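The values are calculated or read from the model by the stated rules, or taken from the named source; none is laboratory data. Bear in mind that the values here come from a model prediction, so they are computed numbers and not experimental data. Cβ: placed from backbone, ideal geometry, glycine included. Neighbour counts: every protein chain shown.
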Amino acid sequence: MLFEALTLQLGYNATLVTIGAALLGITAGAVGTFLYVGKRALVSDAISHATLPGIGLAFIAMVMLGGDGRSLPWLLIGSALSAWVGLLCVSWLTHRTRLTEDAAIGAVLSVFFGAGIVLLTVIQSMRAGRQAGLEDFLLGSTAGMLWNDAVILAVGGAIVLALVLVLHRPMALVAFDPDYATATGTNVRRTELAMMGLALAITVVGLKVVGLILIVALLIIPAVAARFWSDRVERVVLIAGGIGGVSGYAGAAMSASAPDLPTGPIIVLMAFGIFVLSLLFAPDRGVLAVFLRHRRFQARVHVRQGLLALAQGQPIYERLTLRLMRRAGLIRADGVATETGKAQAARALLDERRWEILRADPRHEWAAARYDGLTPLERVLTPDQLVELDRSLGPEGV
Amino acid sequence: MGGGALGTEFVALSLPPLLIGVCAAVACALPGNFLLLRRQALIGDAISHVVLPGIVLAFLITGSVAAWPMMIGAGMAALITVVLIEVIRRVGRIEPGAAMGVVFTAMFAGGVLLLEQSDTSGVHLDVEHALFGNLESLIWLDAEGWASLLDPVALAGVPHELPRMAIALIVIVVLTYVFWRPLKLSTFDEGFAQTLGLPTGVIGLGLVIVSAIAAVAAFDAVGSIIVIAMFICPPAAARMMTNRLEMQVAWSVVFAVASAVLGYVLAGYGPVWIGFDNAVSAAGMIATVSGVILAVAAVFGPCRVREGAAAG
């Protein structure tokens, strides 16, 4: 069943939903990267919670106009409008009052959500509202989705993705360095507006699939995970899009394959799994890489100190140092230095003496700043400079 | 309010939820003041999301919906969240907001999935309950009027959320009072507090734990949404009123009580006044009222603008 789902053989609707979720994931990952780089990741939390009153009001308006209130496009338009109002509130509270942005976000998300819940209870007491199924928007539900809705989802995802492709350069610039962007003639305000507009569009398109409580995860988690893999913003955007796409695709497919697997949570947990893998195993920034780098550094310090002790004829007691030096063939099992060991110890001592002289000489201030007890001086000075330095080594030089 | 609204019916049906709402609101607003000033306002948001996986796990382990295992489960989840956020923030060098977003959404998703996967059909445990709470249903059937407040037999039938919430509130008030000076110092000038020898890290963690206690005690009765609103809105509105912390805390308590009372009354009686016959969600209405109070304070409050900024 899972295989059929992953290869899109579970019927038109499931296929469309899966493709739509993948497109949604890609766009959310990409846009989320700009939000994350601009340190505004949680604004999307306010946006998504602020959609609820709009959904409720749209439903009530449709019922009052004689419809059954369940037309997805109108519900989405309502949700977009109220999310926009929420966004304006966040921005007003942040810029015009003393509240910080996080407080503004929290205030807007809780108040709008609360108002939305009031509207939901109003709807429940209306005759047409008994079967409204608006609760599906909280956690997303793709089961029993209509063909038209699935088309809206897939087309919406594709449109937002196209917009991201068009706008990605100015958005990256503004997210990273608004001052530089202004100086180079980018319209920062309009670009930020576009960024927020895209986040809003993703939220609205994702409401039916992931639900409004979890859509924020799709904007944050892929971006944060991708950040581990690269320092270049274009690549982070691509990787985040990839992570989001894979999570959306696999999550939607898995959820279609079994009855008790709600779409939104599965997609989010998929993305979280990728995040954990990135956190642990990413090269350079991952936990494993940092740990290995630390171990290598530790080993170098220990060996260096061991060599200096050897050169000065002092005994070594420290276990790790002994083990490392034995493994490198610098000392024998009984602790006596080998020929290589003696040679390297002499070199280490010479290097240390040279550094000492260099650091005492104010003319070499710039070079002395690079002293870390590990870097050989040959890497800092030219051979000519070394020769000159060695002159002051004096008779006790090696 | 109709006839007899302040009589037997009021004591039995409205007084307990009203008191629980007020206790919950104040219990959340007190630590909220400090969270707001420390720019940790969204911790309340994160904690109230992870309460769900906590209670679901507690239910799966103990097989019951008794209060204590649930509270402990929720408390554990809150603690794990705070620790996880800190670990991810430090290990991955990720900004706190994003680290928070990663952790609480993933844990909430896990909670929903667990809930869907497990058989909870026989018990009252669902996502909506965790979000909106169930304030209206906390009624006191044994009450026969105001006199019942002095009758030990009738008092035994008070919904057990009320004493629990009251105890949590008392604990929080006492803690706030006892640790007032260190809290104030470390909130406004962490460096100075450190030079005085105050353990600022412990104080920060303690504040988060107290917030978690408030959130966990409150969510069962009133749902996550009020918890988030009460952590942020009353303190934020109070911040617009004054520059003094003492006054801010006092205002926030006033606003919290006002939100709870007005919200409950509007939810219960408001629809009747305008001709509907069903009440609306009290939790949602309390959050909405707190938002209205914040909006009014943000427009008219005497200290609404950042010092040095142009008046809006």
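Quick notes on this structure:
- Set B:64, B:48: member being among the hydroxyl-bearing types (Ser, Thr, Tyr) and surrounded by 24 or more Cβ atoms within 10 Å (Cβ to Cβ): B:48
- Only a single criterion out of (1) in contact with a Pro (Cβ under 7 Å, 6 or more places away or on another chain); (2) touching a residue at least 60 places away in the same chain (Cβ under 8 Å) is not satisfied by residue B:278, namely (2).
- Candidate set: segment B:241-296, residues that are at pLDDT 90 or above and of a type in the set (Phe, Trp, Tyr); chosen: the one surrounded by the fewest Cβ atoms within 10 Å (Cβ to Cβ): B:251
- Lone unmet requirement of (1) away from chain B (no Cβ under 12 Å); (2) assigned to a helix (DSSP H, G or I); (3) touching a helix residue (DSSP H, G or I) at 6+ places or on another chain (Cβ under 9 Å) for residue A:88: (3)
Listed here are the residues, each with its yes/no results for (1) more than 14 Å from chain B (Cβ to nearest Cβ); (2) crowded, with 18+ Cβ neighbours inside 10 Å; (3) charged (D, E, K, R); (4) closer than 26 Å to residue A:90 by Cβ.
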{"site": "A:156", "(1), (2), (3), (4)": "yes, yes, no, yes"}
{"site": "A:174", "(1), (2), (3), (4)": "yes, yes, no, yes"}
{"site": "A:219", "(1), (2), (3), (4)": "no, yes, no, yes"}
{"site": "A:235", "(1), (2), (3), (4)": "yes, no, yes, no"}
{"site": "A:241", "(1), (2), (3), (4)": "yes, yes, no, yes"}
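- Qualifying residues in segment B:192-231 (those that are assigned to a loop (DSSP other than H, G, I, E, B) and without any contact (Cβ under 8 Å) to a residue 12 or more places away in the chain) - the one farthest from the other protein chains (Cβ to nearest Cβ): B:197
- Meets criteria (in a loop (DSSP other than H, G, I, E, B), under 26 Å from residue A:96 (Cβ atoms) and either at the interface with another protein chain (Cβ under 8 Å from one of its Cβ atoms) or among the small types (Gly, Ala, Ser) (or both)) for residue B:303: yes
- Checking residue A:19 against (1) aliphatic (A, V, I, L, M); (2) within 28 Å of residue A:107 (Cβ to Cβ); (3) surrounded by fewer than 24 Cβ atoms within 10 Å (Cβ to Cβ), the condition it does not meet: (2)
- Figure legend. Inter-residue proximity from segment B:152-172: first residues touching a residue at least 40 places away in the same chain (Cβ under 8 Å), second residues crowded, with 19+ Cβ neighbours inside 10 Å and in a loop (DSSP other than H, G, I, E, B), beta-carbon distance below 7 Å, spacing 6+ or different chains. Indicated pairs: B:158/B:140; B:159/B:138; B:159/B:140; B:161/B:138.
- Taking segment B:123-175 as the range and being within 14 Å of another protein chain (Cβ to nearest Cβ) and in a helix (DSSP H, G or I) as the test, the residues that pass are B:127, B:128, B:129, B:130, B:131, B:132, B:135, B:136, B:137.
- Any hit, segment A:36-48, residues being crowded, with 24+ Cβ neighbours inside 10 Å, aliphatic (A, V, I, L, M) and more than 13 Å from residue A:200 (Cβ to Cβ): yes
- Residue match in segment A:49-62 (condition: in contact with a Gly (Cβ under 7 Å, 6 or more places away or on another chain) and under 30 Å from residue A:238 (Cβ atoms)): yes
- Some residue of segment B:34-55 being of a type in the set (A, V, I, L, M), more than 14 Å from chain A (Cβ to nearest Cβ) and in contact (Cβ under 8 Å) with a residue 40 or more places away in the chain: yes
- Applying a threshold of 8 Å to beta carbon distances and a minimum spacing of six or more residues, or different chains, the list of pairs starting in segment A:80-94 at a residue that is surrounded by fewer than 21 Cβ atoms within 10 Å (Cβ to Cβ) and ending at one that is among the acidic types (Asp, Glu) reads A:94/A:101.
- Of the residues in segment A:145-164, none is closer than 21 Å to residue A:84 by Cα and of a type in the set (D, E, K, R).
- Pairs, first in contact (Cβ under 8 Å) with a residue 60 or more places away in the chain in segment A:175-188, second outside any helix (DSSP H, G or I), C-beta under 7 Å, six or more apart: A:175/A:38
- Inclusion of residue B:185 among residues that are at pLDDT 90 or above, more than 14 Å from every other protein chain (Cβ to nearest Cβ) and either in contact with a helix residue (DSSP H, G or I) (Cβ under 6 Å, 6 or more places away or on another chain) or surrounded by fewer than 24 Cβ atoms within 10 Å (Cβ to Cβ) (or both) is warranted.
- Of the helices (runs of 4 or more DSSP H) that lie entirely inside segment A:1-62, those containing 1 or more residues that are modelled with pLDDT of 90 or more span A:12-37, A:43-49.
- Filter result (farther than 26 Å from residue A:122 by Cα, within 12 Å of another protein chain (Cβ to nearest Cβ) and assigned to a helix (DSSP H, G or I)) within segment B:232-267: B:235, B:236, B:237, B:238, B:239, B:248
- Any chance residue B:80 is more than 7 Å from every other protein chain (Cβ to nearest Cβ), in contact with a Gly (Cβ under 9 Å, 6 or more places away or on another chain) and not small (Gly, Ala, Ser): yes
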